[in-house]
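To start, the structure itself, in structure tokens.
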Amino acid sequence: KQWYQRRVREQKMGQDWLAKCPNEDDSRCNTLTIIRVLFGSFSFVLSLFMIFVIWLFKKYMFFSQRLLLYLSLAALCDSIPYMMGTIDNSFGCKFQGFLMTYFDWTCVAWICVITANMYRLVKEEISFESSESLFHLACWFLPGIIAGVPFIWDAYGHSGPWCWIKGDHKMEQVLRFLVWYGPMIAIVITLTCFLIYLRIHTKRQNRSYAAYNPEEEDAKTRKWRDVRVLFMYPLVFILITICPLITRIQMALNEQTSFPLVLLTSITAPLLGAINTVLYSCGSDMRQQVRPSFIWAEIKHRKRQTVAESYNFADENTGNQSTDGNIVPYGQ
């Protein structure tokens, strides 16, 4: 309560530069807006590229790759409110705040699904593919409920140079904690514990010795391939989320908001989709496929397939021939 009263006094007295945004023409506010727009646009383009590559090479046939596709779609949409910049219109500002909360939570939801799928692969050697429809319902519907809560108190508005949950009143400060910061602290701690456990458990299983069985070895190879592909994505999310949490703690403990911390938050917050795309492109199975020449060759191949199917002149043997021969499963 004392902290809240102190912050309100500082904002009224104009001591905190962040509280002046966007009403005053402060170079720091303008810098933050430009940074968020640039990095949001960068993340949007790279997320779109990752979605295109997964579609082009038909990676979506694998459940683990579909999870990355859904995460990329969420990250693509999450970059849109960052690209919107500073909005003066009241309705547009509330809409931007809602979009930011909603798509931030969709990204969190798919990260949690990816982590849960890894855990089940390691512990039970099966995936959650049979529950894919339920995951869609949870990951796209529940964030809407969470993002709709601030509307009850009309809490969306200007929060510095961007729009989110305002901090002018005590209830709005409570909403910030309940809607985002509180759950994020719990989720980051939980994900960190899960990743540490999975790392230790996989090392122990790799060191264990048993009688050689070709089928079991093949299944184990596929399992570790999926775990290896998915492991880095929750880790990236944790690293990106830590910076905003540190900024919020600094704002609570100090009279003046640290511009370098807010700047770093403005850089890292929109970057989930971009970093995911870089990780995906650097995978051992994708390094060659993301080359422009390889992508262009695959586009021409898909175009020839489309033309051939439209004429439908193949005989029965040719018509039943699978086109999967050009698909390179990831991890190989």
Under a 1.4 angstrom probe, counting protein chains only, how are THR192, THR202, THR306 ranked by accessible area, largest first?
THR306, THR192, THR202
Expressed in square angstrom to the nearest 10, the accessible area of LYS94 with a 1.4 Å probe stands at 40 Å²
If DNA, RNA and ligands are ignored and the probe is 1.4 Å, what is the ranking of ILE187, ILE80 by accessible area, most exposed first?
ILE80, ILE187
Whole-Hz Karplus couplings 3J(HN,Hα) for the stretch 33-43, θ = phi - 60° and coefficients 6.51, -1.76, 1.60, Gly and Pro as x, run 5, 5, 4, 5, 5, 5, 6, x, 5, 4, 5
Mind listing the long-range amide H neighbours of THR257? Cut-off is under 5 Å, sequence gap 5 or more, other chains count too, H placed in the peptide plane at 1.01 Å from N.
TRP17, LEU18
Gain upon complete extension [LEU137, ARG291; 0.36 nm per residue less C-alpha separation]:
51.9 nm
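How large is the convex hull of the Cα atoms of the stretch 238-307 per residue, expressed in Å³ as a whole number? Before the final figure, lay out each step's value.
Numbers: hull volume 8.2 nm³, N = 70.
Once divided by residue count, the hull of the stretch 238-307 is 117 Å³.
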Phi-derived 3J(HN,Hα) across the stretch 104-120 with the Karplus relation (6.51, -1.76, 1.60, θ = phi - 60°), rounded Hz, x for Gly and Pro, is 4, 6, 5, 4, 4, 4, 5, 5, 5, 5, 4, 5, 5, 5, 4, 4, 5
Accessible surface of LEU48 - all protein chains present, 1.4 Å probe, nearest 10 Å²:
90 Å²
Along the stretch 260-270, what does the Karplus equation 6.51 cos²θ - 1.76 cosθ + 1.60 (θ = phi - 60°) give for ³J(HN,Hα), rounded to whole Hz, x for Gly and Pro?
x, 5, 5, 5, 5, 5, 5, 7, 7, 4, x
How much accessible surface area, in Å² rounded to 10, belongs to the heavy atoms of MET171 with a 1.4 Å probe?
80 Å²
Rounded to one decimal in nm, the spacing of the 7 Å Cα→Cβ label points at PHE151 and LYS300 is 5.1 nm
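Carbon and sulfur: what percent of the stretch 16-83's accessible surface (1.4 Å probe)? Show your work: numbers first, answer last.
Working: 1860 of 2690 Å².
After summing per-atom areas, the C and S share lands at 69 percent.
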The long-range amide H neighbours of GLN289, using H built 1.01 Å from N in the peptide plane and a cut-off of under 5 Å, are none
TYR181, TYR60, ranked by accessible area, largest first (probe 1.4 Å):
TYR60, TYR181
Given R₀ = 51 Å, FRET efficiency for GLU129-TRP17 by Cβ-Cβ distance, to 0.05?
0.55
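The values are calculated or read from the model by the stated rules, or taken from the named source; none is laboratory data. Because the structure is predicted, anything quoted here is derived from the model rather than measured. Cβ sites come from the backbone with ideal geometry, for glycine too, and all protein chains shown count toward neighbours. When the accessible area is computed, the model is the full protein with side chains, heavy atoms only, and any ligands, DNA or RNA have been set aside. Shrake-Rupley method; radii C 1.70, N 1.55, O 1.52, S 1.80 Å.
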